[in-house]
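K.L.:
I'd like to ask some things about the structure below.
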Amino acid sequence: MSNVFEISKIKYNQDGLIPVVVQSVSSKEVLMLAYMNAEALEKTIETKEAYYYSRSRKTLWKKGETSGHFQHVKSLAYDCDQDTLLIQVEQIGVACHTGEMSCFHTYLFNDAYHEENPNILREIYELIQLRKDNPEEGSYTTYLFNKGLDKILKKVGEETAEIIIGAKNQSQGETVYEISDLVYHILVLMVNQGIKLNDIEEELYKRRK
């Protein structure tokens, strides 16, 4: 089975375009559906930045060129019929022009919403990063970033103390609640300090023995 991307095999439609499914490399969430022509694909491969073709404006455009919400391309594949592309990206900011992370944020139904989500830490991390990059009035996360490092560290300390109290009280529910608070504030600290989840995963990997 070949895993070599052969650009000559790409099958464009009658308009010279190919649909592109865009997925977050970290959360695996589908962010948007766009189109590329041959030039957009070539520039994407060359720069590892997402370029698309606007069917309405009939022109090439770079994702984020006006919004600053760039997409750093981490992988690019075509499907078994070579007529659809899948790219995985590191999304800077949000993917949707409405301000939502994904263009697919309106559900007819969503039975999977409450199912176990193995990527919940990444999802929350990305939402926190979004609040840092795009402050929102009334957001507690935005409030923490506005107050700065000392406030964030104070909250980390407070939540650590609350975990100790909950554990000493032999209250599993209280302890779970406070651990969740601590994890959230640690993620805020990580975003504030520019620490990625991968940085922690790599460090833990070293310690697994």
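K.L.:
Which residues' amide hydrogens lie under 5 Å from the amide hydrogen of I195, considering only partners 5 or more residues apart or on another chain, with H built in the peptide plane?
P.N.:
The list, which skips near neighbours in sequence, is empty: none.
K.L.:
Further question: What number comes out for the charge environment of V73, summing +1 per Lys or Arg and -1 per Asp or Glu over other residues with Cβ under 14 Å away?
P.N.:
Working: positive: K43, K48, K62, K63, K74; negative: E42, E46, E49, E90.
Residues close to V73 contribute a combined charge of +1.
K.L.:
Treating the beta-carbon of each Lys and Arg as +1 and of each Asp and Glu as -1, no other charges, what is the dipole magnitude of region 7-91 about its Cα centre, to the nearest 20 debye?
P.N.:
Working: 11 positive and 11 negative charges, 30 e Å.
Value, rounded to 20: 140 debye.
K.L.:
Calculate for the chain the 222 nm mean residue ellipticity that helices alone would give, adding -39,500 (n - 2.57) per DSSP H run of length 4 or more and normalising by residue count, nearest 500 deg cm²/dmol. Please list the in-between numbers first.
P.N.:
Numbers: 6 runs with 85 residues, N = 209.
Only helices count here, giving -13000 deg cm²/dmol.
K.L.:
So, by mean Cβ neighbours within 10 angstrom, what's the order for 46-52, 137-143, 162-168 with the highest one leading?
P.N.:
46-52, 162-168, 137-143
K.L.:
Which one of V188, V30, V176 has the biggest mean-square fluctuation once the chain is modelled by GNM with Cα springs under 10 Å?
P.N.:
Comparing V188, V30, V176 in a Gaussian network model of the chain, the most mobile one is V176.
K.L.:
Cβ under 15 Å from M36's Cβ, M36 left aside: what net charge do those residues give with Lys, Arg +1 and Asp, Glu -1?
P.N.:
+2
K.L.:
Something else: Based on DSSP H assignment, which helices of the chain show an axial Cα extent of at least 15 Å together with a mean Kyte-Doolittle hydropathy greater than or equal to -0.5?
P.N.:
Qualifying helices, which must be both long enough and hydrophobic enough, are 120-133, 149-168, 172-193.
K.L.:
Shifting gears a bit: With no solvent and one equal point scatterer placed on each C-alpha of region 120-207, evaluate the Debye formula and give log10 I(q)/I(0) for q = 0.17, 0.20, 0.21 Å⁻¹, two decimals.
P.N.:
Each listed q maps to, in turn, -0.78, -0.99, -1.04.
K.L.:
Mind listing the phi-derived Karplus ³J(HN,Hα) values for region 86-92, rounded to whole Hz, using 6.51, -1.76 and 1.60 with θ = phi - 60°, and x for any glycine or proline?
P.N.:
Per-residue couplings from phi come out as 10, 10, 9, 10, 8, 7, 9 Hz.
K.L.:
So for the chain, what are the equivalent ellipsoid semi-axes in whole Å, largest first, each being the square root of 5 times an eigenvalue of the Cα gyration tensor?
P.N.:
Output for the chain: semi-axes of 39, 19, 16 Å.
K.L.:
Could you check the spin-label model distance between Q172 and E49? Points 7 Å from the Cα along Cα→Cβ, value in nm.
P.N.:
For the pair Q172/E49, the computed spacing is 5.2 nm.
Since every read-out is calculated from the coordinates, none of them should be taken as a lab result. From a predicted model like this one, the values you see are computed outputs, not experimental measurements. Reconstructed Cβ throughout: ideal geometry from the backbone, glycine too, with neighbour counts over all protein chains shown.
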